[in-house]
Amino acid sequence: MSKQQDADRIIKLRTLINDYRYHYHVLDESIMSEAAADSLKHELTQLEEKYPELITSDSPTQRVAGAAIKGFKSVPHSQRMLSLNDVFDEQELEAWFTRIQKLVPNWEPELHADLKLDGLACALVYEDGVFVQALTRGDGINGEDITQNVRTIESVPLRLREGADRQFYEGRLEVRGEILLYKKDFEQLNNERSIKGLPLFANPRNTAAGTVRQLDPSLVASRPLKFHVWNLLHANISSHKQAYDVANKLGFITSKWTMLGHDTHEILKFAQKWQDKRTDLPFN
């Protein structure tokens, strides 16, 4: 085959592998066997070894690349990355709702409710559709650069999936969400550690947070972390629900357990519904 034919094949293989990743890690469905997917990855690796000048940062072969990192540098956030405020009863929720109505007198209430994820908050930066950086929340003003480790998380697309409006593929897009370890994967990790006589991990949240702060990306790659989106920073995102819809089209996992409400009573009903039912979820 000519170099041009091989270059075309490389593009085709990347598309097939990325499509498999999206269906398997985001939609939780399989469009081919794991053996077939491995075969495609092997072929892509061989072609990229033949033509190293054709390797790009968003290639599926580049999820784990290079040696262990020496440390994490501090990087300022583009906008403050705040933690959530808590309310503990109906009165506090009503007081919050009343404050918003005073600040925005003509507001027609539309409230997007979701479940709080027990993981590690993370901000991903994309330039022209390609993943370039990942930051922890840190102190909210500055975060730690954990780019090399987050590259290994299969549910994080290295190139945004086609499907949304073109404006989201041009220039800078920041995707904020949570790095999680599902309960079944946490149990599997501890089973493996028990067999090896190693100390057991305490809980999924601490394990996920500790994993992404490892200095060896290959170790991070060996643990089945997930990334769930809960916000997009873009000038043309006008609602929280829109952020979820766009993120899903771009190739990310978003919550299936959300609702749109119009007053605090609907929100309380949503919260009460999940008070016990949340134990049935695949994550904490």
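The values are calculated or read from the model by the stated rules, or taken from the named source; none is laboratory data. The shown structure was predicted, so the numbers you read here are calculated from the model rather than taken from an experiment. Positions of Cβ are generated from backbone atoms using ideal geometry, with glycine treated the same way; all protein chains shown enter the neighbour counts. Protein only, heavy atoms only, side chains kept; ligands, DNA and RNA dropped before computing areas. Shrake-Rupley method; radii C 1.70, N 1.55, O 1.52, S 1.80 Å.
Pull up the DSSP beta bridges for region 161-279 and report the antiparallel fraction as a percent, rounded to 5.
On the way: 7 of 10 bridges.
Taking every DSSP beta bridge with both residues in region 161-279, the antiparallel ones total about 70 percent.
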* **residue 42 accessible area, 1.4 Å probe, all protein chains in place, Å² to nearest 10** => 110 Å²
* Asked: What range in the chain is the longest one free of GluC sites (Glu not before Pro) that are in a loop by DSSP and have at most 13 other Cβ atoms within 10 angstrom?
  -> 171-284
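Quick one: if the Förster radius is 41 Å, what FRET efficiency do residue 15 and residue 268 give, using the C-beta to C-beta distance and rounding to 0.05?
Working: r = 46 Å, r/R0 = 1.12.
Approximately 0.35, to the nearest 0.05.
Need one word for region 143-277: rounded, prolate or oblate. Basis is the Cα gyration tensor (sqrt eigenvalues a ≥ b ≥ c); a/c below 1.5 gives rounded, then a/b vs b/c decides. Let's see the in-between values first.
Working: a/c = 2.69, a/b = 1.31, b/c = 2.05.
Note, shape of region 143-277 comes out oblate.
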* Considering only Cα-Cα distances, which of the following residue pairs are longer than 25 Å: 73/184; 256/277; 241/269; 116/249? -> 73/184
* To do: Could you go through region 205-217 in sequence order and give the Karplus-derived ³J(HN,Hα) for each residue, using 6.51 cos²θ - 1.76 cosθ + 1.60 with θ = phi - 60°, rounded to whole Hz, and x for Gly and Pro?
  => 5, 5, 5, 4, 5, x, 5, 6, 9, 6, 8, 10, x
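What percent do you get for the relative contact order of the chain when only Cα pairs under 8 Å and 6+ apart count? Kindly include the intermediate steps, with their values, before the conclusion.
On the way: 407 pairs, mean separation 62.9, N = 284.
After rounding, I find 22 percent.
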* Report the residues of region 217-248 in range of a label on residue 165: point 7 Å along Cα→C-beta, backbone N strictly under 18 Å from it. => 231-248
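Scanning the chain for chymotrypsin sites (Phe, Trp or Tyr not before Pro) in DSSP loops with at most 15 other Cβ atoms within 10 Å, what's the longest stretch left with none?
For chymotrypsin sites (Phe, Trp or Tyr not before Pro) (loop position, at most 15 other Cβ atoms within 10 Å), the longest site-free span of the chain is 108-256.
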* Starting from one equal scatterer on each C-alpha and no solvent at all, send me the Debye-based log10 I(q)/I(0) for region 1-98 at q = 0.24 Å⁻¹, two decimals. => -1.20
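In terms of the Cα gyration tensor, with a ≥ b ≥ c the square roots of its eigenvalues, is the chain rounded because a/c is under 1.5, prolate because a/b exceeds b/c, or oblate?
prolate
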